[in-house]
Amino acid sequence: MKNAGRWITFSVLLLVVAIMLVPFYLVIINSFKSYQEIVRSVISLPTSLNFGNFVEAFYRMNYPTAFLNTLLVTVTGTAGIVFLASMAGYQIARNNRAKTAKIIFFLLIIPMMIPFQSFMLSLVRVSSVLGIYETWWGLALIYWGCGVPMAVFLYRGFCMGIPRELDEAASIDGCNAFQTFTRIIFPVLKPVNATVIIINALWLWNDFLLPRLIIGFNTSHFTLQLQAVQFRGMYKMEWQLIMAGFLLTLIPAVMIYLIFQKQIVKGMVTGAVKG
């Protein structure tokens, strides 16, 4: 009976995985087809491997520049989220019993409950007023505000399990508050740091809507996601190039996830238990 239950569970999970992999399968096989082959059949295998789609997509997307823009936005945005959220989460955890800390924590996590669509146009207006519209670094700054709430929630939960004796020992050794955090506490945050970095890096790398709003029509600052959409015309969809472009965009993100997936799971579980 127990073996039968395991087989049923395994079969259901296998079916779910297969369903989730179908879109990825379609992207791969259609990226090697010609436009005519895709029109005839979307699910059939390509008659030959047409690598010319990737070459054309690479040049038309201006891939090196778009890759650099995406990398700069991802690194700057993720680093800012980690830096700000880790300090905020640590201080809130250390003053958890104080009413002020509870209010601040509540105010920080409220944005998690607000739909992005309800304030996205306001972001465009604010970015224009501040002079950061149509710039990659302005996009990275906005990501700080959007990503910090969730990160603070994770950091606070993890820091609740760090003994206060570490702070006291650092104080006895002559460290001030900032030195205590950077030299003692921050290295201890390695599991949750990995979680926050990977979650936000994948989000920033794959995001389309916010770059579309903030970068606007400044093609020199386009990210990979924005460049991949250029193959979608008013009268014709260049599906073979769309698929190849999306695959070129997805490969770096998939590689990062596969390399650090253990840290993601470990950080999420550790943060949940200690919270």
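Values quoted throughout were computed directly from the atomic coordinates according to the rules given, and no laboratory measurement underlies them. This is a predicted model, so every value here is computed, not measured. FYI the Cβ positions are ideal-geometry reconstructions off the backbone, even for glycines, and counts take in every protein chain you see.
Close Lys pairs in the chain (alpha-carbon distance under 28 Å; sequence gap of 8 or more, or different chains): 10. Among 88, 66, 169, which one shows the highest mean-square fluctuation when the chain is modelled as a Gaussian network with alpha-carbon springs under 10 Å? The residue that fluctuates most here is 169. Under a model in which nothing but the beta-carbon of Lys, Arg (+1) and Asp, Glu (-1) is charged, the chain shows a dipole of about 680 debye around its Cα centre. Near residue 46: Cβ cut-off under 10 Å, other residues only, Lys/Arg at +1 and Asp/Glu at -1. The net charge is 0.
Using θ = phi - 60° in the Karplus curve 6.51 cos²θ - 1.76 cosθ + 1.60, the 3J(HN,Hα) couplings for the range 185-199 round to 6, 4, x, 6, 7, 3, x, 6, 4, 4, 5, 5, 4, 5, 4 Hz; x is entered for Gly and Pro. With contributions of -39500 (n - 2.57) from each DSSP H run of at least four residues, the per-residue ellipticity at 222 nm computed over the chain stands at -23500 deg cm²/dmol. Computed on the chain, with alpha-carbon pairs under 8 angstrom and 6+ residues apart, the relative contact order is 31 percent. Only the Cβ atoms of Lys and Arg (+1) and of Asp and Glu (-1) were treated as charged; on that basis the dipole of the range 38-171 about its Cα centre amounts to roughly 380 debye. Looking only at 107, 204, 68, which one moves most when the chain is put into a Gaussian network model with springs between Cα atoms under 10 Å? Ranking 107, 204, 68 by mean-square fluctuation puts 107 first. Shown is the FRET efficiency for residue 254 and residue 43, computed with R0 = 35 Å from the Cβ-Cβ distance and rounded to the nearest 0.05: 0.95.
For residue 218, neighbours were defined as the other residues whose beta-carbon sits under 13 Å from its Cβ, and their charges (Lys and Arg +1, Asp and Glu -1) total 0.
A cut-off of 5 Å between modelled amide H atoms, ignoring neighbours fewer than 5 places along the same chain, links residue 237 with no other residue. Beyond 19 Å, what percent of the Cα pairs of the range 1-116 remain? Percent of Cα pairs beyond 19 Å in the range 1-116: 74.
In a reduced charge model with +1 at each Lys and Arg Cβ and -1 at each Asp and Glu Cβ, the range 165-243 shows a dipole moment near 600 debye about its Cα centre. The length gained by stretching the chain between residue 79 and residue 6 to full extension, at 0.36 nm per residue less their Cα-Cα distance, is 22.0 nm. Length available on full extension from residue 135 to residue 186: 0.36 nm per residue minus the Cα-Cα distance, which gives 15.3 nm.
Sequentially through the range 119-134, phi angles give Karplus couplings (6.51, -1.76, 1.60; θ = phi - 60°) of 10, 5, 5, 5, 4, 4, 5, 5, 5, 5, 5, 7, x, 10, 6, 6 Hz, Gly and Pro residues having no value and appearing as x.
Measuring between their Cα centroids, the range 112-144 and the range 1-67 lie 33 Å from each other. Kindly state, to the nearest 0.05, the FRET efficiency for residue 17 paired with residue 212, given R0 = 45 Å and r defined as their beta-carbon distance. Plugging the Cβ-Cβ distance into 1/(1 + (r/R0)^6) gives 0.90.
Residue by residue, the range 42-57 carries 3J(HN,Hα) couplings of 7, 8, 6, 6, x, 5, 8, 7, 9, 6, x, 4, 5, 5, 5, 5 Hz when phi is fed to the Karplus relation 6.51 cos²θ - 1.76 cosθ + 1.60 (θ = phi - 60°); x denotes Gly or Pro. A simple count of charges around residue 60, restricted to other residues whose Cβ falls under 15 Å of its Cβ and scoring Lys, Arg +1 and Asp, Glu -1, yields 0.
The shape of the chain can be summarised by an equivalent ellipsoid whose semi-axes, obtained from the alpha carbon gyration tensor, come to 40, 27, 16 Å from longest to shortest.
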